[in-house]
1. With each pseudo-label sitting 7 Å past Cα toward Cβ, what's the residue 31-residue 60 distance in nm, one decimal?
2. What distance in nm separates the two pseudo spin-label positions at residue 49 and residue 19, each 7 Å out from Cα along the beta-carbon direction?
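Since every read-out is calculated from the coordinates, none of them should be taken as a lab result. Computed from a predicted model, the values in this text were never measured in an experiment. Here the Cβ positions follow ideal geometry from the backbone for every residue, glycine too, while neighbour counts run over all protein chains shown.
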């Protein structure tokens with residue numbers, strides 16, 4: 001098959017699109033993971049400050 005046939009160009013285009021989609025999917029996945037991690041850190045900080053306020057209430061009473 002000649003390289004200038006539309007069939008070959010179609011395959012190349014499809015592969016390029018597939019790679020692009022894979023890159024996009026992985027970047028979205030990384031973004032979701034980073035959001036999840038930052039939410040966990042915020043939850044830990046919030047829990048820590050809650051414990052701190054409870055502890056200071058206990059000390060002050």
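1. 4.3 nm
2. Result: 4.6 nm between the two label points.
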